[in-house]
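The values are calculated or read from the model by the stated rules, or taken from the named source; none is laboratory data. If you're wondering where the values come from, they're calculated on a predicted model, not measured in any experiment. So basically every Cβ, Gly included, is an ideal-geometry build from the backbone, and we count neighbours across all protein chains shown. Just so you know, the surface numbers come from the protein's heavy atoms only, side chains and all, with ligands and any DNA or RNA stripped out. Shrake-Rupley method; radii C 1.70, N 1.55, O 1.52, S 1.80 Å.
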Amino acid sequence: MATRNKYQYAVLVAIVFLASFMWKRNVFQNSIRIILQNSTCPVKDAPALPKLDVKNVEDAPSELQVKINDIFDKIKNRFPNAGFSNFSSTTSGQKSKAFIAYPKDKYCVGEDFVVELEMQDHTGIKKAYGGDFLMPRIFSPELGASVSGRVEDFSNGTYHVHFPLYWEGKVKVSVMLFHPSEGISALWRARHASLGVLGFHGRFVYHNQEAITKCGFKPSTDEEYCEYLDPDDEEAFYCVKPSNLPCECLHDMRAVDIQASYLTNEEKQMFQRSNIAVEIPKNFEFIEVTRCKHETSQKTKCQTGMSSPLPSGYFLNNTWNPVYCKMDVYKTKEDFTRCLQGKKLFLIGDSTLRQFIMHFTEGISIVQYFGYHGRQWNYWEKTLLALSIDKDIYVSYKRHGFPLESFMFYYFKEDKYTSRQIDLQGGGKDTIIVITMGQHFRQFPLQLYIRRALNIRRAIERLFLRSPDTKVIIKTENTRELNTAVERIGDFNGYAQYLVLREVFQGVNVGFVDAWDMTISSAAQSVHPAGGTFESIMSMTFTFAC
């Protein structure tokens with residue numbers, strides 16, 4: 001009996017040991033696989049490693065995926081589901097009408113001015129539902145003054161646009177029908193009808209061997225493919241595996257215009273240039289605003305963690321005035337040097353943040369490029385570093401990670417996801433991190449953007465746990481040119497992403513630079529705005545930072 005018990009015990013120990021060994025072996029292999037994906041290319045005959053699977057056994061959605069779904073549904077519910085029958089029945093900016101909702105003898109600074117819109121289709125029939133995409137603003141060109149408006153949709157073809165009056169003088173009104181409600185429904189459907197309207201090529205390189213294959217966010221063929229996975233953030237993309245090189249040899253990436261469209265030919269009529277951003281006729285030319293009473297209000301300096309309302313501010317003398325806090329003006333070399341001396345500044349995003357480092361180097365010259373001899377937008381995909389040894393200023397610019405719309409091959413392994421770049425930072429009171437993303441995501445389903453935004457928030461929360469005095473600023477994307485490809489990079493897709501950022505970064509101790517509101521207010525219509533708009537974006541950013 002004792003011998004049998006000893007035998008059973010020995011078998012049990014052997015089983016436990018074997019199970020432990022196999023578990024460690026799998027963990028070890030998975031760890032090696034992740035390391036190899038960020039290492040140099042191995043030899044040609046390197047053994048294939050097992051694929052990682054981020055799904056659990058029951059295939060239930062992860063906690064992250066549940067949050068993505070919740071935010072996606074919230075954004076989706078803000079847009080109409082208007083059926084398209086024919087172009088004539090869609091909303092017409094030229095046929096619609098704008099008039100003063102509550103006419104008065106006198107309009108005072110500090111009050112709301114309301115414009116009523118009656119929307120009609122191309123045959124002159126009043127619309128019976130809402131959902132049109134409008135861009136409203138009031139402005140006084142001689143004062144360098146402007147502010148966006150808040151749209152109230154009554155869902156019956158009638159709208160009220162509320163404009164706060166912040167300055168005195170002659171005030172003009174502009175309300176543009178950017179897209180009709182039928183166009184918004186078509187764009188939303190088209191955006192989510194595929195995994196994107198932009199393709200990618202990956203170049204695999206090892207010594208004198210080279211191969212170029214298709215890449216994307218999901219395997220699209222039955223061919224053997226390489227998976228590039230970040231399991232913590234549940235991010236992945238794929239490339240067709242070359243026949244002669246292993247997956248670890250992926251070196252360069254480039255975008256490919258695949259000429260994809262998910263709009264019908266009839267729907268495309270709504271997005272001809274003549275039907276985009278159409279000014280709605282008004283039955284008045286302007287209003288005269290006076291300062292009816294003297295009001296003084298003291299605002300505290302803009303600080304991280306503050307909530308940004310809508311509209312978030314206004315321009316006066318071509319300078320942004322946030323309505324909820326006081327912004328410092330940064331224009332001169334001395335202004336920025338005072339802020340950045342002794343600090344490290346990390347710019348993570350797209351070319352709208354590359355503008356920052358270009359301004360510091362080629363504009364006011366407070367730092368010099370290290371290892372880069374280009375000017376302006378030459379080699380715009382490159383990671384940039386600029387330094388001032390005398391003033392102890394460090395400025396780094398890196399891209400936000402895949403996807404990037406570059407039609408030239410670029411070394412993509414520098415492009416760690418923004419969340420991974422944040423995790424690499426120790427942080428501290430002398431560290432400033434400015435983040436933006438948006439323009440390069442407009443070509444893909446919104447869920448991808450939501451996932452990336454949530455992962456950035458999680459990384460910021462981890463950063464604040466170890467370094468709560470680090471300054472982090474989120475800059476929203478800008479509006480852009482009116483002649484862009486609507487289905488691929490149009491401003492409606494950007495607006496949906498803007499709403500995502502406002503939702504995701506609520507309650508986080510970051511500075512929120514509402515560049516979307518600023519570029520609508522100034523009617524910049526440029527992905528790289530100049531003049532007072534760019535200066536104000538910079539001023540708002542570094543008011544939070546310093």
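Considering region 221-263, the residues that are polar (S, T, N, Q) and without any contact (Cβ under 8 Å) to a residue 24 or more places away in the chain include one that is surrounded by the most Cβ atoms within 10 Å (Cβ to Cβ), namely Thr221. Scanning region 310-345 for residues that are within 21 Å of Met437 (Cα to Cα) and surrounded by fewer than 21 Cβ atoms within 10 Å (Cβ to Cβ), we see that the one that is modelled with the highest pLDDT is Lys344. Say whether the condition of being under 30 Å from Val147 (Cβ atoms) and aromatic (Phe, Trp, Tyr) is met by at least one residue in region 164-171. Yes, some residue in region 164-171 is under 30 Å from Val147 (Cβ atoms) and aromatic (Phe, Trp, Tyr). Summed over region 84-97, residues that are open to solvent by 30 Å² or more (accessible area, probe 1.4 Å) and polar (S, T, N, Q) total 5.
Filtered by the rule that a residue be within 16 Å of Thr304 (Cβ to Cβ), among the aliphatic types (A, V, I, L, M) and under 16 Å from the mean Cα position of the chain (by Cα), region 487-546 gives Leu501, Val504, Val510, Val513. Residues that are charged (D, E, K, R) and more than 19 Å from the chain's Cα centre (by Cα) were ranked within region 180-214; the one that is farthest from Lys95 (Cα to Cα) is Glu210.
In region 108-124, of all residues being under 23 Å from Phe492 (Cα atoms), out of contact with any helix residue (DSSP H, G or I) (no Cβ under 8 Å at 6 or more places or on another chain) and not charged (D, E, K, R), the one that is most open to solvent (accessible area, probe 1.4 Å) corresponds to Gln120. Scanning region 399-439 for residues that are open to solvent by less than 10 Å² (accessible area, probe 1.4 Å) and hydroxyl-bearing (Ser, Thr, Tyr) gives Ser406, Thr418, Ser419, Thr436. Looking across region 480-517 at every residue that is open to solvent by less than 10 Å² (accessible area, probe 1.4 Å) and in a loop (DSSP other than H, G, I, E, B), the one that is farthest from Cys325 (Cα to Cα) is identified as Gly490.
Note on region 125-148: residues that are in a loop (DSSP other than H, G, I, E, B) and open to solvent by 30 Å² or more (accessible area, probe 1.4 Å) amount to 3.
Every residue, every condition in (1) within 26 Å of Leu177 (Cβ to Cβ); (2) assigned to a strand (DSSP E or B); (3) of a type in the set (A, V, I, L, M), yes or no:
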site	(1), (2), (3)
Ser243	no, no, no
Ala255	no, yes, yes
Glu267	yes, no, no
His294	no, no, no
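Restricting attention to region 149-176 and to residues that are among the charged types (D, E, K, R) and in contact (Cβ under 8 Å) with a residue 12 or more places away in the chain, the residue that is least open to solvent (accessible area, probe 1.4 Å) turns out to be Asp153. Taking (1) aliphatic (A, V, I, L, M); (2) surrounded by fewer than 22 Cβ atoms within 10 Å (Cβ to Cβ); (3) over 24 Å from Ile450 (Cβ atoms) in turn, Leu195 satisfies each apart from (3). Taking region 396-410 as the range and being in a loop (DSSP other than H, G, I, E, B) and either under 16 Å from the mean Cα position of the chain (by Cα) or among the small types (Gly, Ala, Ser) (or both) as the test, the residues that pass are His400, Gly401, Phe402, Pro403, Leu404, Glu405, Ser406. Might you check whether a residue that is among the hydroxyl-bearing types (Ser, Thr, Tyr), at negative phi and within 23 Å of the chain's Cα centre (by Cα) occurs anywhere in region 316-323? Taking every residue of region 316-323 in turn, none turns out to be among the hydroxyl-bearing types (Ser, Thr, Tyr), at negative phi and within 23 Å of the chain's Cα centre (by Cα). Of the residues making up region 271-289, not a single one is out of contact with any Lys or Arg (no Cβ under 7 Å at 6 or more places or on another chain), without any contact (Cβ under 8 Å) to a residue 60 or more places away in the chain and open to solvent by less than 20 Å² (accessible area, probe 1.4 Å). When the criteria are applied in full, Thr213 meets the requirement of being touching a His at 6+ places or on another chain (Cβ under 9 Å) and either open to solvent by 10 Å² or more (accessible area, probe 1.4 Å) or without any contact (Cβ under 8 Å) to a residue 24 or more places away in the chain (or both). Only one of the listed residues (Ile100, Ile68) is open to solvent by less than 60 Å² (accessible area, probe 1.4 Å), at pLDDT 50 or above and touching a strand residue (DSSP E or B) at 6+ places or on another chain (Cβ under 9 Å). That residue is Ile100. Across region 459-479, which residue is surrounded by the most Cβ atoms within 10 Å (Cβ to Cβ) among those that are assigned to a loop (DSSP other than H, G, I, E, B) and over 19 Å from the mean Cα position of the chain (by Cα)? This residue is Thr470. Screening Gly202 with (1) open to solvent by 30 Å² or more (accessible area, probe 1.4 Å); (2) over 21 Å from Thr484 (Cβ atoms); (3) in contact with an Asp or Glu (Cβ under 9 Å, 6 or more places away or on another chain) gives one miss only, at (1).
Exactly one residue among Asp73, Asp105 is part of a helix (DSSP H, G or I), open to solvent by 20 Å² or more (accessible area, probe 1.4 Å) and free of Cβ contacts under 8 Å to residues at least 24 places away in the same chain, and that residue is Asp73.
Of the residues making up region 149-196, those that are at pLDDT 95 or above, assigned to a loop (DSSP other than H, G, I, E, B) and of a type in the set (A, V, I, L, M) number 2.
Based on this model, can you work out whether Phe204 counts as modelled with pLDDT of 95 or more, over 30 Å from Phe79 (Cβ atoms) and aromatic (Phe, Trp, Tyr)? Yes; evaluated as a whole, the condition is true for this residue. Might you let me know whether region 440-450 holds any residue that is over 16 Å from Leu404 (Cα atoms), hydrophobic (A, V, I, L, M, F, W, C), in a helix (DSSP H, G or I) and open to solvent by less than 30 Å² (accessible area, probe 1.4 Å)? There is at least one residue in region 440-450 that is over 16 Å from Leu404 (Cα atoms), hydrophobic (A, V, I, L, M, F, W, C), in a helix (DSSP H, G or I) and open to solvent by less than 30 Å² (accessible area, probe 1.4 Å).
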